[in-house]
Amino acid sequence: MRRRPWGVYRTVHGTVFRVSETSEGGLKVEVLEGEIWVPGRVSLVGQRLAASTIKLDAGEIAALPA
């Protein structure tokens, strides 16, 4: 089963990032800095698989800035 790459995650250090797939099939990473989503390093994609990183649920995502 293929894991879908997109979602919103929080690392053990408190970094919140979201991963989405572009229309061309590439990955886009954005990091929440204060109230603003800014472009992030693609290397963060691997962090979503770390045992210490949690995938946020719908309620947690709704509480974040758009």
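Backbone amide hydrogens, once placed in the peptide plane, bring Gly40 within less than 5 Å of Val29, Glu30, Val31, excluding anything fewer than 5 places away on its chain.
Sorting Trp37, Trp6 from the fewest to the most surrounding beta carbons within 10 angstrom yields Trp6, Trp37.
If you keep only loop residues by DSSP, which trypsin sites (Lys or Arg not before Pro) in the chain have at most 11 other Cβ atoms within 10 Å of their Cβ?
Loop-located and lightly packed - Arg2, Arg3, Arg41.
Quick check: net charge around Glu30, other residues with Cβ under 15 Å of its Cβ, Lys/Arg +1 and Asp/Glu -1?
+2
Modelled this way, with points 7 Å down the Cα-to-C-beta line, the labels at Ser23 and Leu56 are 2.6 nm from one another. For the chain, leaving out every one of the GluC sites (Glu not before Pro) that falls in a DSSP loop and has at most 15 other Cβ atoms within 10 Å, the longest unbroken run is 36-66.
Contact order, relative form, for segment 1-54: 30 percent (alpha carbon pairs under 8 Å, 6 or more residues apart, mean separation divided by residue count).
Coordinate-derived values only; no laboratory data. Quick caveat: nothing in here was measured; it's all calculated off a predicted structure. Please note: Cβ atoms are built from the backbone with ideal geometry, for glycine as well, and neighbour counts cover all protein chains shown.
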